[in-house]
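Below is one structure; the comments refer to it alone.
The values are calculated or read from the model by the stated rules, or taken from the named source; none is laboratory data. Here the structure is a predicted model, which is why all the values come from computation and not from measurement. Neighbour counts run over all protein chains shown; Cβ positions are idealised from the backbone, glycine included.
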Amino acid sequence: MTDRAPRFELKTPDGEDRARRVCAECGFIDYVNPKIVAGAVVTDDRGRILICRRAIEPGKGLWTLPAGYMETGESVEQAAMREAREEAMAEIALEGLIAVYSVPRISQVQIFFRARLLSSIAPGPESLEVSLRRWDDLPMDALAFPSVRWALDDWRAAKGQATPVPVMRTQMADGSAA
């Protein structure tokens with residue numbers, strides 16, 4: 001690195017198979033990697049599912065599970081628990097992995113856990129409202145993201161299994177899941 005401001009150019013570094021942002025001054029390679037999203041399907045002792053109505057874009061006014069981007073220095077488990085606190089003022093206990101979803105078109109990897117609610121709930125700054133709902137009362141036609149539906153479906157499919165096997169899905173460019 002030098003004291004000069006970086007001047008990035010798009011080129012394929014030696015030994016690489018794709019173009020990257022490379023500083024023309026010092027050769028630093030600015031790797032741009034996918035974002036990791038962590039979230040949970042949280043249930044209370046009556047089997048109701050915690051959902052949050054988004055107060056922010058994208059999907060403002062639509063429903064989601066507590067989930068969001070990981071922060072530097074935290075584990076994926078810590079991120080899922082932090083997001084539940086931020087969005088629903090909820091303390092949760094993680095009980096296992098539901099699934100890992102790859103969404104290449106927006107460069108995301110989404111990791112969802114099963115979790116048990118340990119506290120009361122209230123809307124956080126990113127939620128208009130929060131609610132505990134039975135499966136039949138979930139607003140399936142007003143979910144903010146496809147992965148929310150995937151996580152709910154995969155959670156339900158594994159419900160009652162002694163050792164649920166995590167699911168892996170990839171959202172294709174046309175929006176379908178593979």
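Before moving on, here are some points about what is shown:
- For ARG116, the test of being surrounded by fewer than 16 Cβ atoms within 10 Å (Cβ to Cβ), touching a strand residue (DSSP E or B) at 6+ places or on another chain (Cβ under 8 Å) and outside any strand (DSSP E or B) is failed.
- Any hit, the stretch 110-121, residues being more than 25 Å from LYS60 (Cβ to Cβ), modelled with pLDDT of 95 or more and basic (Lys, Arg): yes
- Matching entry among ALA122, ALA173, ALA151 (being within 19 Å of the chain's Cα centre (by Cα), exposed (fewer than 12 other Cβ atoms within 10 Å of the Cβ) and not in a strand (DSSP E or B)): ALA173
One line per residue, one yes/no per condition, for (1) within 28 Å of the chain's Cα centre (by Cα); (2) exposed (fewer than 14 other Cβ atoms within 10 Å of the Cβ); (3) in the same structural domain as PHE112 (by TED's automatic domain parsing); (4) not hydrophobic (A, V, I, L, M, F, W, C):
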position	(1), (2), (3), (4)
LEU10	no, yes, no, no
ARG20	yes, no, no, yes
VAL41	yes, no, yes, no
ASP45	yes, yes, yes, yes
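- Matching entry among ILE56, ILE36 (being surrounded by fewer than 17 Cβ atoms within 10 Å (Cβ to Cβ) and either part of a loop (DSSP other than H, G, I, E, B) or modelled with pLDDT under 95 (or both)): ILE56
- Residues that are surrounded by fewer than 20 Cβ atoms within 10 Å (Cβ to Cβ), of a type in the set (A, V, I, L, M, F, W, C) and not in a strand (DSSP E or B), drawn from the stretch 125-148: TRP135, LEU138, MET140, ALA142
For (1) touching a Ser or Thr at 6+ places or on another chain (Cβ under 8 Å); (2) in contact (Cβ under 8 Å) with a residue 12 or more places away in the chain; (3) in the same structural domain as LEU50 (by TED's automatic domain parsing), each residue gets a yes or a no:
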{"position": "SER75", "(1), (2), (3)": "no, no, yes"}
{"position": "ALA84", "(1), (2), (3)": "no, yes, yes"}
{"position": "MET89", "(1), (2), (3)": "yes, yes, yes"}
{"position": "LEU97", "(1), (2), (3)": "no, yes, yes"}
{"position": "SER107", "(1), (2), (3)": "no, yes, yes"}
{"position": "PHE113", "(1), (2), (3)": "no, yes, yes"}
{"position": "SER119", "(1), (2), (3)": "no, yes, yes"}
{"position": "PRO125", "(1), (2), (3)": "no, yes, yes"}
